[in-house]
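Before any comments, here is the structure.
The values are calculated or read from the model by the stated rules, or taken from the named source; none is laboratory data. All of these numbers come straight from a predicted model, not from anything done at the bench. We place every Cβ from the backbone using ideal geometry, glycine too, and count neighbours over all the protein chains shown. Ligands, DNA and RNA are excluded from the accessible area calculation, which covers all protein heavy atoms including side chains. Shrake-Rupley method; radii C 1.70, N 1.55, O 1.52, S 1.80 Å.
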Amino acid sequence: MVCPGQMGFQLAKRIEAEKAHKLAVWGLSKGLIATQQRHYPNLACKVSGLTLDNPLGLAAGFDKDADAVSGLAKMAFGFLEVGSITPEPQPGNPRPRVFRIPENGAVINRYGFNSKGLDYAAGKLSQLRGSSLSLPPLGVNLGKNKETENALDDYVLGVKGLGEYADYLVVNVSSPNTPGLRGEQSPEKLIPLLDAVLTERSKLKHLPPLWLKVAPDLTEEDVEGVVSVIADYKVDALVVGNTTLQRPDVLRKSAHRLAGGLSGQPLLPIANLALGRFYKLLQGSTPLVGVGGITSAEDAYTKIKAGASLVQLYTAMAVQGPKVVGDVVEGLSTLVQKDGFSSVNEAVGTAAI
């Protein structure tokens, strides 16, 4: 969906979306991108035990198997997230399964947790941790295999097999492309899941922060249910959210017939509504990570002022190319300064409704 380097990105736009995505991962795995790291003192922050150069991270879904971390580390991200990783390898859904909607700055995908599996990812992550490569905080996003009946079994395996390599772990119950997965967000499913995962995490030599990733399509009642659970089963951050199954009116009409999760610009108001609902109830007691629809520094800053301590993007790279990452970070610094804040932390929740 994106090729390293703006010139490569222009070429990638001319080929099928999934092939372009694979080409981008390959290129980054070979380090084929110029360093764009930038340091702005007013963006440095500490969230859920992590010390970050800036609050912008790469969302899960781009580097599914931890293949491209060496190249991604050269970009301006304050943190990276790999996955979703399932315990057993699985091919995901049939192709074609990724569709560009350029006039809306959007993508619809139904990948379905295609993954090379836990053992492959563990090998990659072990190599990274044993190298001299300087990395930003690196998160590992955990998913479940399609055929697994009891989801918590797969998340426990993920914690056990990958926890030692992670600066933070993410329990992802938000994908719309794995049948039944979003049902794990209900309190009756979420309580035993988090209990099992937290128990397994307690066995690790170090305790990586645990994040929970939920969908943007939750009702107010659903949001209240999640909040009630995490009051007792503490997570270190809540990621809001993922792609949406909604099809806004602004979307090209033919795209309404495509199955899968919608990401990109049309997702922004939907994701921000969910973010606002969570912030209203949590009031800073659990840090929020705002995901969905970020295409500019202004979009990222809107999420921060709505209550997000951190933000993530992915689809914007597919639409605009890798340059967008540095542009967002630079723009965020300018916006924070313009509003008279000495630190981005001061801006969190200042425009919450």
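Overview of results
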read-out: Of residues in region 82-92 being assigned to a loop (DSSP other than H, G, I, E, B) and under 20 Å from the mean Cα position of the chain (by Cα), the one surrounded by the fewest Cβ atoms within 10 Å (Cβ to Cβ); value: 92
read-out: Test: residue 124 is under 22 Å from residue 209 (Cβ atoms), buried (at least 18 other Cβ atoms within 10 Å of the Cβ) and among the basic types (Lys, Arg); value: yes
read-out: Which listed residue is open to solvent by less than 10 Å² (accessible area, probe 1.4 Å), at negative phi and of a type outside the set (Asp, Glu), from 55, 41; value: 55
read-out: Residues (among the β-branched types (Val, Ile, Thr) and more than 22 Å from residue 290 (Cβ to Cβ)) located in region 27-68; value: 33, 35
read-out: Count of region 335-348 residues which are assigned to a helix (DSSP H, G or I), more than 7 Å from residue 42 (Cβ to Cβ) and touching a Phe, Trp or Tyr at 6+ places or on another chain (Cβ under 9 Å); value: 2
read-out: Residue match in region 100-123 (condition: of a type in the set (Asp, Glu), part of a loop (DSSP other than H, G, I, E, B) and at pLDDT 95 or above); value: no
read-out: Members of region 320-350 found to be modelled with pLDDT under 95 and open to solvent by 40 Å² or more (accessible area, probe 1.4 Å), listed by number; value: 320, 323
read-out: Pairs with Cβ under 7 Å, 6+ apart, first in region 44-65 and under 15 Å from residue 332 (Cβ atoms), second among the acidic types (Asp, Glu) and open to solvent by 10 Å² or more (accessible area, probe 1.4 Å); value: 44/53
read-out: Residue 61 being in a loop (DSSP other than H, G, I, E, B), buried (at least 20 other Cβ atoms within 10 Å of the Cβ), modelled with pLDDT of 85 or more and touching a strand residue (DSSP E or B) at 6+ places or on another chain (Cβ under 9 Å); value: yes
read-out: Top-ranked residue in region 145-187 [being more than 16 Å from residue 87 (Cα to Cα) and modelled with pLDDT of 95 or more; ranked as surrounded by the most Cβ atoms within 10 Å (Cβ to Cβ)]; value: 168
read-out: The listed residue being free of Cβ contacts under 8 Å to residues at least 60 places away in the same chain and under 28 Å from residue 182 (Cα atoms), out of 93, 114; value: 114
